[in-house]
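Enquirer: There's a structure below that I have some questions on.
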Amino acid sequence: MERIGNVILDATHYPGEDLYSDGAVEDRILELVQSYPEQEFPEVIAKEQDWAVMYHLAHERENILSWYPFVPGAKVLEVGSGCGAVTGAVAADAKSVTCIDLSKKRSMVNARRHKDSSNITIRLGNFQDVEKDLERDFDYATLIGVFEYGQGYIGGDKPYHGFFTTIMKHLRPGGKLLLAIENKFGLKYWAGCREDHVGTYFEGLEGYPHTAGVRTFTLPRLRQIMEECGFTDYKFYYPYPDYKFPMVIYSDEYLPRKGELNRNICNFDRDRLVLLDEGKVFDEILKDGLFPLYANSFFVEITKPQMGDKESARTDASMQEMSLVEESGLHQPEHILYTKYSSGRNRQFSIQTRIVRGADGKNILYKKAEYPEGEAHIAHIAKAGRRLSELWQERGQLFVNRCTPGEGRVAFEFLQGTTVEEELDYLLAQGKAQEAADTLRKTVLRIQESAAPERFYMTPEFQKVFGEVQIPADTPSFAVADVDLIFSNLLVTEDGRFHVLDYEWTFFFPVPVDYILFRALHYYLESASVRAEFGRQFDFYEEFGITSGQQEIYRQMEQQFQSYVAGGGVSPGSLYHSMGKKAVPLEELLAETQRRRVQVYIDDGQGFREENSYFIDTGYGKDLSYTVKVPANTVGLTVDPALSSCLLKDVRLTWMGEEGGELASVSYKTNGYRAGKDSFLFDNSDPKIIIEEMMQQSSRIKVSYRINILEEETVDLLLGELGTKGRDKKKIRRLIKG
């Protein structure tokens, strides 16, 4: 036994060495968790700019479990705990947590980051060895990103069936297994993401023809495995965009609405293709009721049955859970339908939005603080509701979605209706742009007339939130300002009333009315291509008198506002511009492939002609090698290495013999600029390698080089550097050598 802080490491079954590792980065991660508190991990991730560091240390990893209504005081088993990405969420209210992991290095990371927790024991070793000594009365077991490796854990003809039954042996009757795994048929894989575990395109979709040791499953297949093992009491949830960094948790009782699934480009681990617009395809999937089949990930709650018939098993399971609840002295766990996280915010603004099913069968929406520091912000929301209700009551243009404050949370009415955003999208989809414009105008007018405007004056509070911008003193402003009156927050109910769903960002100092309108227009018109085209057709900024100068000021205000909300917090999404891998659209890929296409022209004595040429497809790579066939009557030929400006490096042309051996180097010239030994810069879309001397003994030329397709500005820079002693020679050398 070894202790790290309050955490116990049990090495009874440790084989003496780590049999898998991410390499040296794990040493760096251990160093980081020893040097920084958990609260500073977002800044550490932003500084390190490393996918492995983000994957193991990001707070958002806990989102897959921090929403789940664990009964306090439970006994929990975590299989495959790794670096402890979700251990904190498991241990938050548990009586005890037993972690199992094969890697000592990763378990050291886990122990270091949770060293103040006295309820965690980490048991090192292979699962099959450790599980033989495990108790059989756990209330919960978790398999987060682990079940897919069942073949490696269990082996045998039916490893995944075996994994289920082995884990379930260690749960008490009525205990719950919590499983998170990618969906084999997740839309992201159809859209061009690589399979998460093996890094190749379409591997899972095609049934893993080249892969052993790992499997993900479709929803029907996962259900089949569970039911064949005798587990029929289960619930599916759908983390979005996936279970690794979930920002929303949906359920079968609360599925996504059209337009909600629009944050799909978030690949930090590998480059991907973009073969389709996932947001639009998700909308079609939702329309046809197929979302569970194509969700990117699953979270499954599986309840262990009692002996006997199904009804008595369900009753006994409920009795067991009620017993645990009574022992803890707390209420029955919530029936959660939906959870949304506010990622990347300062801890004082970090909240969860939940929809739960009440005892009366009605849905309740509430917001709760994610950390104790956020309780003041929750209280602010309740106060804002009261002030806005008083302000808007006289004119009746807008109505507050009434809220009821509670301990660390505020509950809202669960209203039914259509948001203005949904109505606008529907009209645009029907080709009714004019009707959409009229609807938008009426909504903007309603916001403008919701309260009597006052003259703007600068306050210290305004500067703290929005920065030191120059706003004229006569600018119409709202004294109590909900700046989040965006179209997705305005719900129209059957009685025609416009209810403001969310007034979290309400300030009790003057804010220009036009800034509030700017935000409403900006977050609608600039969030999708169809909406952007609509905005170009009707210049709403100009129509509502928001000049280009004002727009620039309001953009500065918005940037400062977002910085105020973040307060040093860093979300994975905000790091995509610096850490994200390439997402290559299909059109760009095809265009790039076309630009890289090689064309060979043959001169048979009548000059070079288009009809006496052929193409060689070389694909998307940079290191190219191919063979050019030379007909017997050829007196000259040209090889066009691309249909674009380019830089060729390490150019080599060789005459080849019939047996495949090399005969001699080919004498050639080019229409490019020499850029070094065997390197040439071509500044036009018709680069040529020209061969005028034929070798009668050979009918083939092997061509190889490294190619960089160049944009026009890069070509201009290179040409300037090649001809002068320019100031950017290091950059040129990197381009030429790289």
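Enquirer: Checking the structure you have, find out if any residue of the range 17-25 is crowded, with 20+ Cβ neighbours inside 10 Å, more than 27 Å from Met247 (Cβ to Cβ) and in the same structural domain as His170 (by TED's automatic domain parsing).
Expert: No - not one qualifying residue is present in the range 17-25.
Enquirer: Checking the structure you have, find out if any residue of the range 222-234 is assigned by TED's automatic domain parsing to the domain that holds Tyr254, buried (at least 17 other Cβ atoms within 10 Å of the Cβ), among the hydroxyl-bearing types (Ser, Thr, Tyr) and out of contact with any strand residue (DSSP E or B) (no Cβ under 7 Å at 6 or more places or on another chain).
Expert: No, because not a single residue in the range 222-234 is assigned by TED's automatic domain parsing to the domain that holds Tyr254, buried (at least 17 other Cβ atoms within 10 Å of the Cβ), among the hydroxyl-bearing types (Ser, Thr, Tyr) and out of contact with any strand residue (DSSP E or B) (no Cβ under 7 Å at 6 or more places or on another chain).
Enquirer: May I ask you to list the residues in the range 513-548 that are of a type in the set (Gly, Ala, Ser) and either closer than 21 Å to Gly431 by Cβ or assigned to a helix (DSSP H, G or I) (or both)?
Expert: Narrowing the range 513-548 to residues of a type in the set (Gly, Ala, Ser): 520, 527-529, 532, 535, 545, 548.
Residues satisfying the conditions are Ala520, Ser527, Ala528, Ser529, Ala532, Gly535, Ser548.
Enquirer: Can you find, within the range 554-572, the residue that is farthest from Gln39 (Cα to Cα) among those that are among the hydrophobic types (A, V, I, L, M, F, W, C) and either out of contact with any strand residue (DSSP E or B) (no Cβ under 9 Å at 6 or more places or on another chain) or not in a helix (DSSP H, G or I) (or both)?
Expert: Phe561
Enquirer: Scanning for something on the phi < 0 side of the Ramachandran plot, modelled with pLDDT of 95 or more, over 33 Å from the mean Cα position of the chain (by Cα) and among the hydroxyl-bearing types (Ser, Thr, Tyr), does the range 476-486 turn up at least one residue?
Expert: yes
Enquirer: Given the criterion under 25 Å from Gln594 (Cβ atoms), basic (Lys, Arg) and at pLDDT below 95, identify the matching residue among Lys622, Lys702, Lys677.
Expert: Being under 25 Å from Gln594 (Cβ atoms), basic (Lys, Arg) and at pLDDT below 95 holds for just one of Lys622, Lys702, Lys677, which is Lys622.
Enquirer: How about the range 168-204: which of its residues are under 15 Å from Tyr243 (Cα atoms) and assigned to a strand (DSSP E or B)?
Expert: Of everything in the range 168-204, those that are under 15 Å from Tyr243 (Cα atoms) and assigned to a strand (DSSP E or B) turn out to be Leu178, Leu179, Ala180, Ile181, Glu182, Asn183.
Enquirer: Quick test for you: out of Leu261, Leu290, Leu273, pick the one residue that is free of Cβ contacts under 8 Å to residues at least 40 places away in the same chain, of a type in the set (A, V, I, L, M, F, W, C) and surrounded by 15 or more Cβ atoms within 10 Å (Cβ to Cβ).
Expert: Leu261
Enquirer: Pick from Glu131, Glu135: which is touching a residue at least 24 places away in the same chain (Cβ under 8 Å) and assigned to a helix (DSSP H, G or I)? Can you show your working first?
Expert: Numbers: Glu135 fails: assigned to a helix (DSSP H, G or I).
Unique residue meeting the criteria: Glu131.
Enquirer: Here's something else I'd like to know. Yes or no: the range 33-55 includes at least one residue that is over 21 Å from the mean Cα position of the chain (by Cα), aliphatic (A, V, I, L, M), buried (at least 22 other Cβ atoms within 10 Å of the Cβ) and in a helix (DSSP H, G or I).
Expert: Step one: list which residues in the range 33-55 are over 21 Å from the mean Cα position of the chain (by Cα), which gives 33-40.
Narrowing the set further to residues that are aliphatic (A, V, I, L, M) leaves 33.
Those left that are additionally buried (at least 22 other Cβ atoms within 10 Å of the Cβ): 33.
From the residues that got through so far, the ones that are in a helix (DSSP H, G or I) too are 33.
Looking through the range 33-55, at least one residue is over 21 Å from the mean Cα position of the chain (by Cα), aliphatic (A, V, I, L, M), buried (at least 22 other Cβ atoms within 10 Å of the Cβ) and in a helix (DSSP H, G or I).
Enquirer: Sticking with this structure for a sec: Filter the range 26-57 down to the residues that are touching a His at 6+ places or on another chain (Cβ under 8 Å) and either modelled with pLDDT of 95 or more or not assigned by TED's automatic domain parsing to the domain that holds Ile100 (or both) and list them by number.
Expert: Once the filter is applied, which keeps residues that are touching a His at 6+ places or on another chain (Cβ under 8 Å) and either modelled with pLDDT of 95 or more or not assigned by TED's automatic domain parsing to the domain that holds Ile100 (or both), the range 26-57 yields only Ile29.
The values are calculated or read from the model by the stated rules, or taken from the named source; none is laboratory data. Only a predicted model underlies this, so the values are computations on that prediction, with no experimental measurement involved. Ideal geometry is used to build each Cβ from the backbone, glycine not excepted, and the neighbour counts take in all protein chains shown.
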